[in-house]
Each structure stands twice: as structure tokens, then as C-alpha cells.
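What follows is a single structure, written as C-alpha cells, with notes after it.
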Amino acid sequence: MTPLLSVRNLHVSYPENGVFRRGWRSIVKDVSLTVGNGEIVGLIGESGSGKSTIARAVAGLAPVSSGAIELTGNGPRARQVQMIFQDPFASLDPRMSVGRQIAEVLAIHAICAKDERRARTLALLARVGLPESAYDRLPHAFSGGQRARIGIARALAAEPRLLIADEATAALDVSVQAQVLNLLMDLRDDLGLSLLFITHDLAVVGVLCDRAVVLRHGEIVEQGTVAEMFAAPQNEYTKTLLEAHRG
Ligand SMILES: Nc1ncnc2c1ncn2[C@@H]1O[C@H](COP(=O)(O)OP(=O)(O)OP(=O)(O)O)[C@@H](O)[C@H]1O
């Protein structure tokens, strides 16, 4: 079956900083990966390995030097691919009610008629486990876990096929994090959503992901099913990561 997302031989380079632009620094090197319909793929690797850059390129937010990024679904990529971040607080407007910020996404992507936006927003809030009363409240009134849910509701408003989570649960307590991961798995089961999940946390990969892609210095060193990789990692770096995780 054709995967939802195909990334083929992706390269991303940024200009070298300095007084004179001497050249380009290669951040992502020849990365090829797929995400199937309803599949959850973990993107793991140390800080600076290029995980966020790949995510941003897939979302159309980072320059692609060469290679191809293809989605099989219909509609513009800005709608089909939505990102959720570690701190949705930072991306939420502190002075605008949560409901209006979600309704705004419905308006931007022309998801429904204007007079249906409130009802649809309330349904999205309910979908992520928030009460109707959340609609009129400002972001600061919510806990970290609730804000993660708001970020997910806002992403869902665009009716995406692929969610990219960039360390989306990293700041949460373990029990709150587990609830948010359960929500993401429910969304996959109920809506057939696909997920590219960036994390440092191999415990999360073990719980959430079907497959994992291990990145080092901008290159993929290993990818495969989580079950196989955790049982018998092939690459030395993957082994090191798993040993550190197991302690
Ligand atoms: N816009 C940019 N201009 C120049 N360099 C950049 C830019 N964005 C990222 N980089 C560099 O690319 C490298 C990879 O960054 P990236 O954020 O993709 O890594 P990461 O694996 O997501 O790390 P982390 O886990 O810390 O978020 C870093 O060295 C970073 O400084």
C-alpha cells in the first residue's frame, strides 16, 4: 500500500554563520522514510541530530535543498500536516480565548460555515477531553496536560492526515504524559491519523510507536519496527541509546 508520507533522499542545508558566507552546513543528509496511513513512527536521536529540521521540512516550514516529500492525501500540505509542540502555550495567543483560537483554524482552512464554527470547536474540545467551559477561557487557565490537549484540538481543527509531534509530551509528568499518549493512540484508531513523533524518550517510543527511525548527525542510522529494533538493534548507536534507556 502506498504510504501517506514518503520522504526520499531529503537534504537540508543552512548557510554557515559568520562574517563571510563560506558555504553551507548540511543538517539533514539523504534521509528517506515513510509514514503509512494510521501508522505512528518515532523519530529519535540526540539533540541537534536534525529531527526538528526533518519535521519542519515535512510541514513545509524548512527549505529543502534536494530530495522529495510526497503526501498521497488530497488538499494542501498546510492543512494535511499539522504540528504539535512541547509548549503549546508559546504558540497560543495569551489574550484570545481557547475557543476562538481553535475556531480561527476552522476559518483559515474553510472547514465549515461560520455559524457552525462554535459547535465544531466544542466538539473538538470534547474530542480531546476538555469541557465546554474551556471555550471561553484564556490559555493560562489550563495545566500543562490541558494545554497539550488544546494544541491537539487546534491541530485537529484543520482535519489533518498527519500529525507531527515535536517533543510534544516531554515537559509533562509521567502520568499526564501517559494520558496524552493514550489520546493520540485513540485518535489514530478512531480517525486513522498518522503520527510522526519526535522524542528523546525511548520509553515513549516503546509504548506509542509502530516503527522508529534513528537519526545521528543528520543521517538515518537505523529504522525498523519498534519490536524488532528494541529486541535486536543493528546499529551501534541504536544499541547505545537503548542501553542508556534501560540503565
Ligand atoms: N534555521 C536554521 N538555520 C541554521 N541552522 C539551523 C536552523 N535550524 C536548525 N539549525 C541547526 O540544525 C541542527 C539540527 O537542529 P534540529 O533542531 O533539527 O535538531 P534536533 O534533532 O531536533 O535537536 P533537538 O532534539 O535539540 O530539538 C542544529 O545544529 C541547529 O543549530
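A short reminder: the numbers here are calculations on the coordinates, not readings from a lab. The model shown is predicted, which means the values in this text are computed figures rather than measured ones. So basically every Cβ, Gly included, is an ideal-geometry build from the backbone, and we count neighbours across all protein chains shown.
Would you work out which of Ala110, Gly60, Met83 lies farthest towards the positive end of the dipole of the stretch 59-118? Charges go on Cβ: Lys and Arg +1, Asp and Glu -1.
Ala110
Nearest 10 degrees, 0 to 90: what angle lies between the long axis of helix 174-191 and the longest principal axis of the chain (Cα atoms)?
80
Calculate how large, on average over all directions, the projected area of the Cα convex hull of the stretch 167-247 is; give the answer in nm² to one decimal.
On the way: hull surface 23.0 nm².
The Cα convex hull of the stretch 167-247, projected and averaged over all directions, gives 5.7 nm².
Have a look at the DSSP beta bridges in the chain and tell me what percent are antiparallel, nearest 5. Provide the component values of the computation, followed by the final result.
Details: 19 of 38 bridges.
The answer is about 50 percent antiparallel.
For an R0 of 41 angstrom, estimate the FRET efficiency from the Cβ-Cβ distance between Ala232 and Arg25 and round to the nearest 0.05. Before the final figure, lay out the partial values.
On the way: r = 34 Å, r/R0 = 0.84.
According to the calculation, E is roughly 0.75.
Taking the Cβ of Glu159 as the center, what net charge do the other residues with Cβ under 11 Å away carry, scoring Lys and Arg +1 and Asp and Glu -1? Mind showing how you got there, number by number?
On the way: positive: Arg79, Arg120, Arg161; negative: none.
Taking every other residue near Glu159 into account, the sum is +3.
Stretched out fully, how many nm does the piece from His200 to Ala141 gain, at 0.36 nm a residue minus the Cα gap?
Details: separation 59, 0.36 × 59 = 21.24 nm, distance 2.85 nm.
18.4 nm is the gain from fully extending His200 to Ala141.
Over all directions, the average projected area of the alpha-carbon convex hull for the stretch 55-99 comes to how many nm²?
Numbers: hull surface 18.4 nm².
About 4.6 nm², averaged over all directions.
Stokes-Einstein at 4 °C, 1.567 mPa s, Kirkwood radius from Cα pairs: D for the chain in µm² s⁻¹? Don't skip to the end; give the middle numbers.
On the way: Rh = 18.9 Å.
Taking Rh from Cα pairs, D becomes 69 µm²/s.
If you take every residue apart from Thr240 with its C-beta less than 14 Å away from the C-beta of Thr240, what net charge results, scoring Lys and Arg +1 and Asp and Glu -1?
Numbers: positive: Arg216, Lys239, Arg246; negative: Glu46, Glu222, Glu236, Glu243.
Residues close to Thr240 contribute a combined charge of -1.
Please determine, in degrees from 0 to 90 and to the nearest 10, the orientation of helix 98-108 with respect to the longest principal axis defined by the Cα atoms of the chain, where the helix direction is its Cα long axis.
70
Sorting check: for 120-131, 197-208, which peptide has the highest mean count of neighbouring beta carbons within 10 Å, and how do the rest follow?
Details: 120-131: 18.2, 197-208: 19.7.
Output ranking for 120-131, 197-208: 197-208, 120-131.
Give, rounded to the nearest 20 debye, the magnitude of the charge dipole that the chain has about its Cα centre when Lys and Arg contribute +1 at Cβ and Asp and Glu contribute -1 at Cβ. It would help to have the intermediate numbers written out before the result.
Working: 26 positive and 26 negative charges, 153 e Å.
Around 740 debye, computed over the chain.
Could you give the nm distance between label points at Arg246 and Glu132, where each point is 7 Å from its Cα heading toward the beta carbon?
5.2
Using the charge dipole of the stretch 1-42 (Lys, Arg: +1 at Cβ; Asp, Glu: -1 at Cβ; taken about the Cα centre), state which of Ser6, Ser26, Val41 has its Cα farthest towards the positive end.
Farthest along the dipole direction, towards plus: Ser26.
Rounded if a/c is under 1.5, else prolate if a/b beats b/c, else oblate: with a ≥ b ≥ c from the C-alpha gyration tensor eigenvalues square-rooted, which is the stretch 142-214?
Values: a/c = 1.63, a/b = 1.04, b/c = 1.57.
It is oblate, given that a/c is not under 1.5 and a/b is not larger than b/c.
So, by mean Cβ neighbours within 10 angstrom, what's the order for 211-222, 133-144 with the highest one leading?
Numbers: 211-222: 20.9, 133-144: 15.3.
Ranked from most to least packed, the peptides come out as 211-222, 133-144.
FRET efficiency for Arg118 and His217, Cβ-Cβ distance as r, R0 = 51 Å, nearest 0.05? Let's see the in-between values first.
On the way: r = 48 Å, r/R0 = 0.94.
Efficiency, rounded to the nearest 0.05: 0.60.
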